[in-house]
Amino acid sequence: MDFNVKKLASDAGVFFTRAVQFTEEKLGQAEKTELDPHLENLITRADGTKNWTEKILRQTEVLLQPNPTISLSPGARIEEYIYDKLDKKLPSKATNAELLGQYMLEAANDFGPVTPYGSTLITVGEYQKRLGGAEREFLHTSATTFLTPLRNFLEGDWRTISKERRLLENRRLDLDICKARLKKAKQAEAKAAAAPDFQETRPRNYVLSASASALLSEEVDKSEHELRVAQTEFDRQAEVTRLLLEGISSTHLNHLRCLHDFAEAQATYYAQCHHYMQDLQRELNRCANAVGAPLPPAAVCPNPVSSAFLSGQSSPGATVSTSSGQRPSTLAMEQTQLPVTGARKAKVLYDYDAHDSSELSLLADELITVYTVPGMDPDWLIGERGNEKGKVPVTYLELLS
């Protein structure tokens, strides 16, 4: 108990001394040791990295949050806390698309799966569940390859950097205190030498004057020793802090790789969604033709811009002007449509499994020959690989010049 009281009193004294010192520095009444300009630049850069990493992490979490209302509820937070303490993985929750698909399937069973409305609900519900599965995979990949490294930096590396920066600030304050103490000791010694307090006409007073001078000289020597020790500790802590701050460059490189992985996962997810929606449109058209009620033109999916066009065949700063009566989807179709004659090489971006015998299965990174034929759907090409031939989706390809 006595130890705690003494420690509390000591901490209170240090806090009061620091407060007085900070106030005097702000008012210009105390000397302040300035950091090296290179170290100051590193600190500024590190603060910017920390602030922007927090903002990017927070906004990415908002973007990837599948069910904000459910996830922010007290029950969900308690469940997440329990799984974290047990060091177990939190079970993945159903996405909004999967929930919608499940409701559609249940509604179809209620309305009758053989009715036109019920059978269409089943078709759309199945594809909604596929979209939800692709979304869940995208969320998992993004959390693993992008969010986790950012969070590890803030909760690990940045805490270490902050701790060492606080130590450096304390070493700087200690150094300034030692400088002020030495300055006062030298002023007292100089004052005593210029105007001694004792008359040296009597032997006793001469002894007292000599003793006082010796004490002042000893105080100066002691202050100089403390200043050397404080300067050494400050330099050592400044070097440790500098090494940690220079590691921010490697952090940027790591976050750059994570950013590429996130963009790739996002591109894969949107390509899968587009492919599923194309399949859904074909299913709906087939069902509508079977009952003799074709879908309206507005229900047809717009033609996407091909991956070859997105990968940079036009300059990044180029702008495309369209007339008021021209639709963007028409322009995209004109840019992605191949000549009727001639063949081109194409690189496969993602794996693709053929849905029927008219399509060609693809493997990522392989090269195939593609061409188009008159009257063919602009979203598809004819692909050839050796003796194999079949239709392939444009969004899975990068056309090579």
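FYI, it's all coordinate maths here, none of it is from the lab. Because the structure is predicted, anything quoted here is derived from the model rather than measured. Every residue, glycine among them, receives a Cβ derived from its backbone with ideal geometry; neighbour counts consider all protein chains shown.
Quick look at the values:
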quantity	calculated
Cα-derived Rg to Rh of the stretch 108-156, Kirkwood definition	1.42
3J(HN,Hα) from dihedral phi, the stretch 256-261, Karplus parametrisation 6.51/-1.76/1.60, rounded to Hz, x for glycine, proline	5, 4, 5, 5, 4, 4
Along principal axes, Cα extents of the stretch 215-263, largest first, whole Å	71, 10, 6
Karplus 3J(HN,Hα) series, Hz, for the stretch 48-55 with 6.51 cos²θ - 1.76 cosθ + 1.60 (x for Gly, Pro)	x, 4, 5, 5, 6, 5, 4, 5
Set Lys50/Lys93; Lys50/Lys163; Lys129/Lys345; Lys50/Lys179; Lys347/Lys389 screened for pairs whose C-alpha atoms are more than 24 Å apart	Lys50/Lys93; Lys129/Lys345; Lys50/Lys179
Peptides 175-182, 385-392, 272-279 ordered by average Cβ neighbours within 10 Å, highest first	175-182, 272-279, 385-392
